[in-house]
Amino acid sequence: MVTASHKTHQPPTPRVLIVGNYCHDVLIQNHNVVGESLGGASSFIASVLNGMSIPCSLVAKVGHDFRYQVHHSPILVPASKTTVFHAFFDSGVHDNGNHDRVLKRVCACDAIRPTDLPDARFDFGLAVGVGGEILRQTLERMIEICDVVLVDIQALIREFDAVDGTVKLVELRETEFCSLLPRIGVLKVSSEEAVFMDVEEVKKWCCVVVTNGEDGCKVCWKDGEMSISPFLANQEDPTGAGDSFLGGFVTGLVQGLTVPDAALLGNFFGSLTVEQIGLPKFDSRLLQRVKDEIQRRKMQCLHYERNHDELMFLKAAGHEQFHSSLGASKLLTQQPIQEYTDCSEQPKLGINPVYEEAMQTAEGKPWDS
(Lines give C-alpha, C1' and ligand atoms only; values in the text may rest on other atoms or scores of the structure.)
Protein backbone atom coordinates (compact mmCIF):
# COMPACT_ATOMS: atom_id res chain seq x y z
CA MET A 1 0.00 0.00 0.00
CA VAL A 2 1.33 3.42 -0.94
CA THR A 3 0.82 6.15 1.61
CA ALA A 4 1.07 9.85 0.97
CA SER A 5 4.06 11.53 2.56
CA HIS A 6 3.56 14.77 4.43
CA LYS A 7 6.37 17.29 4.08
CA THR A 8 6.81 19.90 6.72
CA HIS A 9 7.42 23.44 5.57
CA GLN A 10 11.10 24.32 5.68
CA PRO A 11 12.22 27.94 5.84
CA PRO A 12 14.46 29.06 2.98
CA THR A 13 18.17 28.49 3.51
CA PRO A 14 19.85 31.75 4.53
CA ARG A 15 22.11 33.10 1.81
CA VAL A 16 23.51 36.02 3.80
CA LEU A 17 25.30 36.11 7.16
CA ILE A 18 25.25 39.42 9.06
CA VAL A 19 27.72 39.83 11.94
CA GLY A 20 27.59 42.85 14.26
CA ASN A 21 26.05 43.73 17.61
CA TYR A 22 22.70 45.41 18.14
CA CYS A 23 22.92 48.76 19.90
CA HIS A 24 20.84 51.34 21.73
CA ASP A 25 21.19 54.61 19.80
CA VAL A 26 20.48 57.91 21.56
CA LEU A 27 20.30 61.11 19.47
CA ILE A 28 21.09 64.33 21.35
CA GLN A 29 20.79 67.90 20.10
CA ASN A 30 21.33 71.05 22.15
CA HIS A 31 21.70 68.87 25.26
CA ASN A 32 18.24 67.33 24.73
CA VAL A 33 17.47 63.74 23.78
CA VAL A 34 15.55 63.96 20.51
CA GLY A 35 15.38 60.27 19.67
CA GLU A 36 16.12 56.78 20.96
CA SER A 37 16.02 53.69 18.77
CA LEU A 38 17.42 50.28 18.00
CA GLY A 39 20.82 50.76 16.40
CA GLY A 40 23.81 48.91 15.09
CA ALA A 41 24.62 48.36 11.42
CA SER A 42 23.22 44.83 11.61
CA SER A 43 19.73 46.11 12.50
CA PHE A 44 19.60 48.47 9.51
CA ILE A 45 20.92 45.84 7.10
CA ALA A 46 18.52 43.19 8.38
CA SER A 47 15.62 45.62 7.98
CA VAL A 48 16.43 45.96 4.27
CA LEU A 49 17.02 42.24 3.69
CA ASN A 50 13.86 41.22 5.54
CA GLY A 51 11.83 43.78 3.63
CA MET A 52 13.23 42.45 0.35
CA SER A 53 12.59 38.81 1.37
CA ILE A 54 16.28 37.85 1.37
CA PRO A 55 16.88 34.91 3.77
CA CYS A 56 19.64 35.77 6.23
CA SER A 57 21.19 34.77 9.53
CA LEU A 58 22.33 37.38 12.03
CA VAL A 59 24.85 37.09 14.85
CA ALA A 60 24.62 39.89 17.42
CA LYS A 61 25.22 40.11 21.16
CA VAL A 62 23.22 42.15 23.65
CA GLY A 63 23.15 42.65 27.39
CA HIS A 64 20.47 42.02 30.00
CA ASP A 65 19.06 45.52 29.37
CA PHE A 66 18.16 44.97 25.69
CA ARG A 67 14.67 46.35 25.16
CA TYR A 68 13.64 45.90 21.53
CA GLN A 69 11.67 43.30 19.65
CA VAL A 70 13.68 42.01 16.71
CA HIS A 71 13.19 39.57 13.88
CA HIS A 72 16.57 37.88 14.40
CA SER A 73 17.22 36.75 17.95
CA PRO A 74 20.50 37.98 19.49
CA ILE A 75 22.84 36.19 21.88
CA LEU A 76 22.27 37.39 25.43
CA VAL A 77 25.30 38.03 27.63
CA PRO A 78 23.67 38.16 31.09
CA ALA A 79 26.61 39.82 32.81
CA SER A 80 26.93 42.57 30.22
CA LYS A 81 24.98 45.61 29.05
CA THR A 82 23.95 46.30 25.48
CA THR A 83 26.25 48.54 23.44
CA VAL A 84 25.06 52.16 23.66
CA PHE A 85 26.00 55.06 21.40
CA HIS A 86 25.23 58.72 22.02
CA ALA A 87 25.18 60.80 18.83
CA PHE A 88 25.54 64.53 19.45
CA PHE A 89 24.34 66.75 16.58
CA ASP A 90 24.91 70.47 16.29
CA SER A 91 21.92 72.66 15.48
CA GLY A 92 23.37 74.14 12.29
CA VAL A 93 23.13 72.84 8.75
CA HIS A 94 26.21 73.23 6.61
CA ASP A 95 26.59 73.99 2.91
CA ASN A 96 26.50 70.30 2.09
CA GLY A 97 23.16 69.90 3.89
CA ASN A 98 24.66 67.81 6.68
CA HIS A 99 24.87 68.24 10.45
CA ASP A 100 28.13 67.77 12.34
CA ARG A 101 27.99 64.70 14.56
CA VAL A 102 30.07 63.58 17.52
CA LEU A 103 29.63 59.89 18.32
CA LYS A 104 30.40 58.37 21.71
CA ARG A 105 30.28 54.73 22.75
CA VAL A 106 29.12 54.89 26.34
CA CYS A 107 28.74 51.14 26.85
CA ALA A 108 30.06 48.09 25.00
CA CYS A 109 28.77 44.53 24.92
CA ASP A 110 31.02 41.50 24.40
CA ALA A 111 32.96 40.80 21.22
CA ILE A 112 31.67 38.30 18.66
CA ARG A 113 33.96 35.27 18.49
CA PRO A 114 34.42 32.65 15.76
CA THR A 115 32.58 30.09 17.89
CA ASP A 116 29.52 32.37 17.88
CA LEU A 117 29.16 31.99 14.11
CA PRO A 118 26.87 29.31 12.63
CA ASP A 119 28.34 26.08 11.33
CA ALA A 120 27.06 26.60 7.79
CA ARG A 121 28.00 28.09 4.42
CA PHE A 122 26.72 31.36 2.99
CA ASP A 123 26.88 33.09 -0.35
CA PHE A 124 27.59 36.46 1.25
CA GLY A 125 28.85 37.56 4.65
CA LEU A 126 28.73 41.08 6.08
CA ALA A 127 31.18 42.09 8.82
CA VAL A 128 29.50 45.20 10.19
CA GLY A 129 30.62 45.81 13.74
CA VAL A 130 30.21 49.32 15.12
CA GLY A 131 31.62 49.06 18.63
CA GLY A 132 34.82 47.09 18.14
CA GLU A 133 33.10 43.71 18.42
CA ILE A 134 34.55 42.14 15.25
CA LEU A 135 37.79 40.31 16.07
CA ARG A 136 40.41 39.43 13.47
CA GLN A 137 39.83 35.71 14.01
CA THR A 138 36.08 36.24 13.61
CA LEU A 139 36.61 37.91 10.24
CA GLU A 140 38.94 35.07 9.23
CA ARG A 141 36.20 32.57 10.08
CA MET A 142 33.68 34.54 8.02
CA ILE A 143 36.06 34.39 5.06
CA GLU A 144 36.18 30.61 5.45
CA ILE A 145 32.39 30.04 5.53
CA CYS A 146 31.22 32.74 3.07
CA ASP A 147 31.82 32.82 -0.68
CA VAL A 148 32.09 36.62 -0.68
CA VAL A 149 32.66 38.79 2.40
CA LEU A 150 31.68 42.45 2.49
CA VAL A 151 33.22 44.58 5.24
CA ASP A 152 32.26 48.00 6.53
CA ILE A 153 35.52 49.78 7.31
CA GLN A 154 34.07 51.11 10.58
CA ALA A 155 34.40 47.57 11.92
CA LEU A 156 38.15 47.80 11.29
CA ILE A 157 39.35 51.34 12.03
CA ARG A 158 37.24 52.59 14.95
CA GLU A 159 38.87 53.23 18.30
CA PHE A 160 37.23 54.63 21.42
CA ASP A 161 38.47 57.19 23.92
CA ALA A 162 39.21 55.55 27.25
CA VAL A 163 37.56 58.37 29.20
CA ASP A 164 34.35 59.33 27.39
CA GLY A 165 34.13 56.79 24.54
CA THR A 166 34.41 59.33 21.72
CA VAL A 167 34.83 57.48 18.42
CA LYS A 168 38.04 58.16 16.54
CA LEU A 169 39.41 56.59 13.39
CA VAL A 170 42.88 55.15 12.75
CA GLU A 171 44.76 54.37 9.54
CA LEU A 172 43.65 51.09 8.00
CA ARG A 173 47.25 50.04 7.40
CA GLU A 174 47.89 50.26 11.15
CA THR A 175 45.19 47.74 12.04
CA GLU A 176 45.49 43.99 12.45
CA PHE A 177 42.93 43.55 9.66
CA CYS A 178 45.01 45.02 6.83
CA SER A 179 46.58 41.70 5.78
CA LEU A 180 43.09 40.19 5.30
CA LEU A 181 42.05 42.68 2.59
CA PRO A 182 43.11 40.45 -0.35
CA ARG A 183 40.71 37.79 0.97
CA ILE A 184 37.57 39.93 1.16
CA GLY A 185 35.29 40.84 -1.73
CA VAL A 186 34.10 44.37 -0.96
CA LEU A 187 35.21 47.08 1.46
CA LYS A 188 32.57 49.78 2.06
CA VAL A 189 33.83 53.18 3.23
CA SER A 190 32.31 56.63 3.54
CA SER A 191 34.05 59.60 1.95
CA GLU A 192 35.05 60.74 5.45
CA GLU A 193 36.55 57.32 6.23
CA ALA A 194 38.34 57.06 2.88
CA VAL A 195 41.05 59.49 4.05
CA PHE A 196 42.19 56.81 6.51
CA MET A 197 43.21 54.44 3.73
CA ASP A 198 44.90 54.47 0.34
CA VAL A 199 41.99 53.70 -2.00
CA GLU A 200 44.30 53.33 -5.02
CA GLU A 201 46.31 50.70 -3.20
CA VAL A 202 43.44 48.82 -1.54
CA LYS A 203 41.43 48.54 -4.77
CA LYS A 204 44.22 46.30 -6.12
CA TRP A 205 43.23 43.77 -3.46
CA CYS A 206 39.45 44.09 -3.27
CA CYS A 207 36.54 46.14 -4.55
CA VAL A 208 36.19 49.44 -2.68
CA VAL A 209 32.82 51.21 -2.57
CA VAL A 210 33.02 54.82 -1.36
CA THR A 211 29.68 56.31 -0.31
CA ASN A 212 29.27 60.07 -0.46
CA GLY A 213 25.79 60.92 0.79
CA GLU A 214 23.79 63.08 -1.57
CA ASP A 215 26.44 62.59 -4.29
CA GLY A 216 25.87 58.84 -4.53
CA CYS A 217 28.84 56.48 -4.44
CA LYS A 218 31.91 55.41 -6.36
CA VAL A 219 32.83 51.79 -7.14
CA CYS A 220 36.58 51.20 -7.41
CA TRP A 221 38.34 48.01 -8.47
CA LYS A 222 41.76 47.07 -9.83
CA ASP A 223 40.85 47.82 -13.45
CA GLY A 224 38.89 51.04 -13.01
CA GLU A 225 36.24 52.99 -11.15
CA MET A 226 32.80 54.43 -11.82
CA SER A 227 30.37 56.81 -10.17
CA ILE A 228 26.85 55.65 -9.31
CA SER A 229 24.06 58.22 -9.30
CA PRO A 230 22.26 59.23 -6.09
CA PHE A 231 18.55 59.62 -5.33
CA LEU A 232 16.96 62.79 -4.03
CA ALA A 233 16.18 62.76 -0.32
CA ASN A 234 15.10 65.17 2.40
CA GLN A 235 17.57 64.34 5.15
CA GLU A 236 16.26 64.03 8.69
CA ASP A 237 18.87 61.74 10.25
CA PRO A 238 22.00 60.34 8.54
CA THR A 239 22.31 57.51 11.07
CA GLY A 240 22.29 54.13 9.36
CA ALA A 241 22.37 55.44 5.78
CA GLY A 242 25.59 53.60 5.00
CA ASP A 243 24.24 50.46 6.65
CA SER A 244 21.06 50.56 4.57
CA PHE A 245 23.28 51.12 1.54
CA LEU A 246 25.04 47.85 2.34
CA GLY A 247 21.67 46.13 2.78
CA GLY A 248 20.52 47.30 -0.64
CA PHE A 249 23.90 46.51 -2.20
CA VAL A 250 24.00 42.91 -0.99
CA THR A 251 20.32 42.49 -1.94
CA GLY A 252 21.31 43.33 -5.51
CA LEU A 253 24.23 40.90 -5.45
CA VAL A 254 22.04 38.10 -4.07
CA GLN A 255 19.56 38.77 -6.87
CA GLY A 256 22.34 38.45 -9.46
CA LEU A 257 22.67 42.12 -10.39
CA THR A 258 25.99 43.55 -11.52
CA VAL A 259 28.01 45.57 -9.01
CA PRO A 260 26.94 48.95 -10.51
CA ASP A 261 23.26 47.98 -10.41
CA ALA A 262 23.65 46.64 -6.87
CA ALA A 263 25.33 49.90 -5.82
CA LEU A 264 22.41 51.81 -7.33
CA LEU A 265 20.06 49.77 -5.15
CA GLY A 266 22.29 50.60 -2.20
CA ASN A 267 22.00 54.33 -2.95
CA PHE A 268 18.24 53.92 -3.13
CA PHE A 269 17.88 52.37 0.32
CA GLY A 270 20.34 54.85 1.78
CA SER A 271 18.14 57.69 0.50
CA LEU A 272 15.07 56.14 2.13
CA THR A 273 16.85 55.83 5.47
CA VAL A 274 18.06 59.43 5.82
CA GLU A 275 14.47 60.65 5.49
CA GLN A 276 13.53 59.04 8.81
CA ILE A 277 14.85 59.17 12.37
CA GLY A 278 16.25 55.89 13.63
CA LEU A 279 15.56 52.50 12.11
CA PRO A 280 13.59 53.13 8.88
CA LYS A 281 10.08 51.89 8.18
CA PHE A 282 9.67 50.88 4.56
CA ASP A 283 6.42 51.19 2.66
CA SER A 284 5.27 47.68 1.71
CA ARG A 285 3.98 48.97 -1.65
CA LEU A 286 7.39 50.48 -2.38
CA LEU A 287 9.18 47.25 -1.49
CA GLN A 288 6.99 45.32 -3.92
CA ARG A 289 7.67 47.82 -6.69
CA VAL A 290 11.41 47.55 -6.04
CA LYS A 291 11.20 43.76 -6.22
CA ASP A 292 9.37 44.07 -9.55
CA GLU A 293 11.98 46.47 -10.91
CA ILE A 294 14.78 44.10 -9.89
CA GLN A 295 13.10 41.25 -11.76
CA ARG A 296 12.75 43.42 -14.86
CA ARG A 297 16.39 44.39 -14.60
CA LYS A 298 17.45 40.75 -14.29
CA MET A 299 15.52 39.88 -17.44
CA GLN A 300 17.24 42.72 -19.31
CA CYS A 301 20.67 41.39 -18.34
CA LEU A 302 20.11 37.69 -19.03
CA HIS A 303 22.23 37.79 -22.19
CA TYR A 304 25.32 38.96 -20.30
CA GLU A 305 27.65 36.15 -19.30
CA ARG A 306 28.48 35.98 -15.61
CA ASN A 307 31.06 34.00 -13.72
CA HIS A 308 29.31 32.80 -10.57
CA ASP A 309 32.48 33.29 -8.51
CA GLU A 310 33.26 36.82 -9.66
CA LEU A 311 31.57 40.15 -9.07
CA MET A 312 30.66 41.86 -12.35
CA PHE A 313 31.68 45.47 -12.82
CA LEU A 314 29.97 46.09 -16.14
CA LYS A 315 27.51 48.97 -16.23
CA ALA A 316 25.16 47.21 -18.63
CA ALA A 317 22.79 48.97 -20.99
CA GLY A 318 19.65 50.05 -19.15
CA HIS A 319 21.45 51.09 -15.95
CA GLU A 320 20.14 54.66 -16.12
CA GLN A 321 16.63 53.40 -16.83
CA PHE A 322 16.90 51.20 -13.74
CA HIS A 323 17.77 54.36 -11.78
CA SER A 324 14.77 56.21 -13.22
CA SER A 325 12.42 53.32 -12.48
CA LEU A 326 13.53 53.09 -8.85
CA GLY A 327 13.17 56.85 -8.45
CA ALA A 328 9.69 56.74 -9.95
CA SER A 329 8.72 53.95 -7.52
CA LYS A 330 9.77 56.17 -4.64
CA LEU A 331 7.68 59.08 -5.89
CA LEU A 332 4.62 56.91 -6.50
CA THR A 333 4.53 55.75 -2.88
CA GLN A 334 5.11 59.08 -1.12
CA GLN A 335 1.62 58.91 0.37
CA PRO A 336 0.44 57.71 3.83
CA ILE A 337 2.51 54.57 4.12
CA GLN A 338 1.75 50.92 4.68
CA GLU A 339 4.77 50.20 6.84
CA TYR A 340 7.09 47.24 6.80
CA THR A 341 9.48 47.20 9.76
CA ASP A 342 11.26 44.64 11.90
CA CYS A 343 10.38 46.58 15.05
CA SER A 344 6.69 47.36 14.68
CA GLU A 345 6.59 49.84 17.55
CA GLN A 346 10.03 51.27 18.27
CA PRO A 347 9.92 51.48 22.09
CA LYS A 348 12.09 53.75 24.19
CA LEU A 349 14.81 52.20 26.33
CA GLY A 350 13.34 50.48 29.34
CA ILE A 351 10.20 49.00 27.74
CA ASN A 352 9.79 45.27 28.28
CA PRO A 353 10.96 43.29 25.25
CA VAL A 354 8.76 41.10 23.07
CA TYR A 355 10.74 38.73 20.84
CA GLU A 356 9.73 36.74 17.80
CA GLU A 357 12.35 34.14 18.72
CA ALA A 358 13.63 32.98 22.09
CA MET A 359 16.73 34.98 22.98
CA GLN A 360 19.81 32.82 23.50
CA THR A 361 22.33 33.27 26.28
CA ALA A 362 26.07 33.27 25.62
CA GLU A 363 26.00 29.64 26.67
CA GLY A 364 23.41 28.87 24.00
CA LYS A 365 20.49 28.42 26.40
CA PRO A 366 17.11 30.13 26.00
CA TRP A 367 16.72 33.24 28.13
CA ASP A 368 13.56 34.09 30.01
CA SER A 369 13.05 37.63 31.25
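The values are calculated or read from the model by the stated rules, or taken from the named source; none is laboratory data. Please read all numbers here as calculations on a predicted model, not as lab measurements. Counting neighbours? That spans all protein chains shown, and the Cβs are built from the backbone with ideal geometry, glycine included. To get the accessible areas, we keep the full protein, side chains included, count just its heavy atoms, and leave off ligands, DNA and RNA. Shrake-Rupley method; radii C 1.70, N 1.55, O 1.52, S 1.80 Å.
A few comments on the model shown:
- Pick from the stretch 67-84, criterion hydrophobic (A, V, I, L, M, F, W, C) and modelled with pLDDT of 95 or more, ranking: farthest from Lys291 (Cα to Cα): Ala79
- Yes/no for Val62 being farther than 17 Å from Glu133 by Cβ, crowded, with 24+ Cβ neighbours inside 10 Å and at pLDDT 95 or above: no
- Residues within the stretch 65-75 that are out of contact with any Pro (no Cβ under 9 Å at 6 or more places or on another chain) and either crowded, with 24+ Cβ neighbours inside 10 Å or of a type in the set (Asp, Glu) (or both), tallied: 2
- Residue satisfying all of: in the stretch 108-132; surrounded by fewer than 18 Cβ atoms within 10 Å (Cβ to Cβ) and either under 18 Å from Val26 (Cα atoms) or of a type in the set (A, V, I, L, M, F, W, C) (or both); nearest to the chain's Cα centre (by Cα) among these: Ala111
- Selection count, the stretch 133-156, where residues are under 16 Å from the mean Cα position of the chain (by Cα) and of a type in the set (Val, Ile, Thr): 5
- Members of the stretch 191-229 that are touching a Phe, Trp or Tyr at 6+ places or on another chain (Cβ under 9 Å) and open to solvent by less than 70 Å² (accessible area, probe 1.4 Å): Lys203, Cys206, Cys207, Val208, Val209, Thr211, Gly216, Cys217, Val219, Trp221, Gly224, Met226
- Taking the criterion of being out of contact with any Phe, Trp or Tyr (no Cβ under 8 Å at 6 or more places or on another chain), among the aliphatic types (A, V, I, L, M) and buried (at least 24 other Cβ atoms within 10 Å of the Cβ), the residues of the stretch 11-50 that qualify are Ile18, Val19, Ala41, Ile45, Ala46, Leu49.
- Listed conditions (1) among the charged types (D, E, K, R); (2) within 18 Å of Thr239 (Cα to Cα); (3) buried (at least 17 other Cβ atoms within 10 Å of the Cβ) are all met by Arg141, apart from (2).
- Count of the stretch 252-269 residues which are open to solvent by less than 10 Å² (accessible area, probe 1.4 Å) and either hydrophobic (A, V, I, L, M, F, W, C) or farther than 19 Å from Gln321 by Cβ (or both): 9
- Being at pLDDT 95 or above, open to solvent by 60 Å² or more (accessible area, probe 1.4 Å) and either out of contact with any Phe, Trp or Tyr (no Cβ under 9 Å at 6 or more places or on another chain) or among the charged types (D, E, K, R) (or both) is a property that Arg105 has.
- Residues satisfying the stated conditions in the stretch 220-272, i.e. of a type in the set (Val, Ile, Thr) and modelled with pLDDT of 90 or more: Ile228, Val250, Thr251, Val254, Thr258, Val259
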